[in-house]
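Worksheet for the structure shown next.
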Amino acid sequence: MPNSLRLFVAVELSQEVHDRLCKLITELKAHGSKSARWVKPENLHLTLKFLGDTPPQAVASVEETIQGVCASSEAFHMSVRGSGAFPSLRQPRVLWAGLEADSHLKELAAGLDTALEKLGYRKETRPFSPHLTLARIAYPETSPAFENTLKALQTAKDREFGSVNVRRVTLFQSTLAPGGSIYTPLERFQLLDRN
């Protein structure tokens, strides 16, 4: 039994959004940037709360807490639209696709943050900024390949990638592996669906 599990809570994507984002990643990758670490297609998701290292004996109370938040959080709809970079295109550290959703998304993230803090998980200090990570930039790069990657990202800044009807959230385990992290769903929790 491992000493601890790396956990996070996330929203899984619709097939439509997943396929369109994979197409965008393929387009961006084609420019040959050396510093970009691309997200594997099976790892695309919206992180609601990163928990990090969790003792195996604490998983049951984590699941119970998430269940409690989800039982009183309404299902919602989100659109995936546009692309950009954090903190900026001049100094990119993360390449992302944008998300638009009503207040239920932020309320769900805040509810999880508050409830899980009671179990000892650190409350987020930065405001919740919903996005889908496409790549992480490992180091500053000034090559033509990287410039072209950023130009291609800019051309997708108004692109529509589809929508997701969010009716559940997933608790994932992240296992570090030589080929990149492997995300395994541990449990799924239904949101309150008034329809």
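The values are calculated or read from the model by the stated rules, or taken from the named source; none is laboratory data. Given the structure is predicted, the values throughout are model-derived calculations rather than measurements. Neighbour counts run over all protein chains shown; Cβ positions are idealised from the backbone, glycine included. Quick note on the areas: whole protein, heavy atoms, side chains included, nothing else; ligands and nucleic acids left out. Shrake-Rupley method; radii C 1.70, N 1.55, O 1.52, S 1.80 Å.
Points worth noting:
- Exposure ranking of His77, His104 by accessible area [1.4 Å probe, largest first]: His77, His104
- Think of region 45-195 as having a plus end and a minus end, set by charges on the Cβ of Lys, Arg, Asp and Glu; of Ala145, Ala101, His77, Ala145 sits farthest toward the positive end of this dipole.
- Accessible carbon and sulfur surface of the chain relative to its total accessible area, %, 1.4 Å: 51 percent
- Cα-based helix-to-principal-axis angle, 15-29 vs the chain, degrees rounded to 10: 40 degrees
- Solvent-accessible area per residue for the chain (1.4 angstrom probe, square angstrom): 54 Å²
- Whole-percent P(r), region 54-170, all Cα pairs, 5 Å bins from 0: 2, 10, 17, 16, 15, 14, 12, 8, 5, 1.
- Averaging Cα coordinates gives a centre for region 15-46 and one for region 84-157; these two points are 14 Å apart.
- For the chain, pairs of C-alpha atoms spaced more than 21 angstrom apart make up 54 percent of the total.
- P(r) tail for region 106-195: Cα pairs beyond 16 Å make up 75% of the total.
- Computed FRET value (nearest 0.05) for Glu124 with Lys34, which takes r as the C-beta separation and R₀ as 22 Å: 0.10
- Pairs of Lys residues in the chain are counted when their Cα atoms are under 24 angstrom apart and they lie 8 or more places apart or on different chains; the count is 18.
- Compared with the dominant principal axis of the Cα atoms in the chain, helix 59-71 is inclined by about 90°.
- Legend: residues Thr47, Thr170, sorted from most to least accessible area (1.4 Å probe; ligands, DNA and RNA excluded), read Thr47, Thr170.
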